[in-house]
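Data first, discussion second: the structure below is written as structure tokens.
The values are calculated or read from the model by the stated rules, or taken from the named source; none is laboratory data. What you see is a predicted model; the values in this text were computed from it and never measured. Counting neighbours? That spans all protein chains shown, and the Cβs are built from the backbone with ideal geometry, glycine included.
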């Protein structure tokens, strides 16, 4: 494993830890505010920007993004995102501690799967790694467009999907994945700096949707669902549209096992669960 890759993975781990802690702070702050609405963006933005607690969470999230961007400049999107997928384990553990409860069996298995995935990923890097490919600009634009379309459909059928918390968490995750993929592409420089537009749009809409979702559901439900898609889609995009190679032989098999493990952990942790004595808002 090259020094650059090692530094990238450390940055990615620091990024996902900071970002998921920020989600918890933003959730608590947004839940205490008057009703936020995507139909009144300026009013909702003012409520958020005037809340010191939310602004601190947003500053933490922004710092996490800067670390994430630095990691992407050194390693492939799929590798960095796989490390980021382990961040939902941090979210699950801290949210349980704050609620003064133990992790459920499913949450414990999810955390364990994420940790195992990260360890297997580290083992798969023994043969070294590169920044990956670049991919076709047309394919990238098509991927981002389809992702945005799916997010809009989720918002249109929010009630049928089980409520605002679920729909906004999923849609927020889709827009965040647009931001993540755009960040990787923009780090390549040249004409691809133009992807800064989709980067800003993706992160702005993703952040806004999560704040509305936070008022309707628990942090682990909303941010968990968002994190699931934020991690799964860029990992897939890295291989499908950015032409990032997966090593052959045993190392390649380990890499695939790692990807599957971290996503399985995210699925287990993101699944909405009814709290004791109180139905989950997202159900």
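Filtered by the rule that a residue be without any contact (Cβ under 8 Å) to a residue 40 or more places away in the chain, assigned to a helix (DSSP H, G or I) and in contact with a helix residue (DSSP H, G or I) (Cβ under 7 Å, 6 or more places away or on another chain), segment 1-51 gives 25, 29, 49. Within segment 245-258, the set of residues being at pLDDT 75 or above and under 23 Å from the mean Cα position of the chain (by Cα) comprises 254, 256, 257, 258. Got at least one residue in segment 40-62 being surrounded by 24 or more Cβ atoms within 10 Å (Cβ to Cβ), at pLDDT 90 or above and within 17 Å of residue 216 (Cα to Cα)? No, segment 40-62 has no match at all.
Quick one: how many residues across segment 227-246 are assigned to a helix (DSSP H, G or I) and within 22 Å of residue 171 (Cα to Cα)? Total satisfying the criteria: 13.
If I filter segment 77-89 for residues that are assigned to a helix (DSSP H, G or I), surrounded by fewer than 21 Cβ atoms within 10 Å (Cβ to Cβ) and touching a helix residue (DSSP H, G or I) at 6+ places or on another chain (Cβ under 9 Å), do I get at least one hit? Within segment 77-89, none of the residues are assigned to a helix (DSSP H, G or I), surrounded by fewer than 21 Cβ atoms within 10 Å (Cβ to Cβ) and touching a helix residue (DSSP H, G or I) at 6+ places or on another chain (Cβ under 9 Å). Keeping to segment 247-268, report how many residues are more than 30 Å from residue 27 (Cα to Cα) and either part of a helix (DSSP H, G or I) or free of Cβ contacts under 8 Å to residues at least 12 places away in the same chain (or both). The number of residues fulfilling the criteria is 10.
Assessment of segment 191-198 against the conditions (within 17 Å of residue 164 (Cα to Cα), out of contact with any strand residue (DSSP E or B) (no Cβ under 8 Å at 6 or more places or on another chain) and either at pLDDT 90 or above or crowded, with 24+ Cβ neighbours inside 10 Å (or both)) yields no matching residue.
Among the residues of segment 196-220, those that are in contact with a helix residue (DSSP H, G or I) (Cβ under 7 Å, 6 or more places away or on another chain) and over 14 Å from residue 175 (Cβ atoms) comprise 196, 214, 215, 216, 217, 219, 220. Collect the residues in segment 161-184 that are part of a helix (DSSP H, G or I) and either at pLDDT below 90 or more than 21 Å from residue 231 (Cβ to Cβ) (or both), keeping them in residue-number order. If the condition is that a residue be part of a helix (DSSP H, G or I) and either at pLDDT below 90 or more than 21 Å from residue 231 (Cβ to Cβ) (or both), then 164, 165, 166, 167, 168, 169, 170, 184 are the ones that fit.
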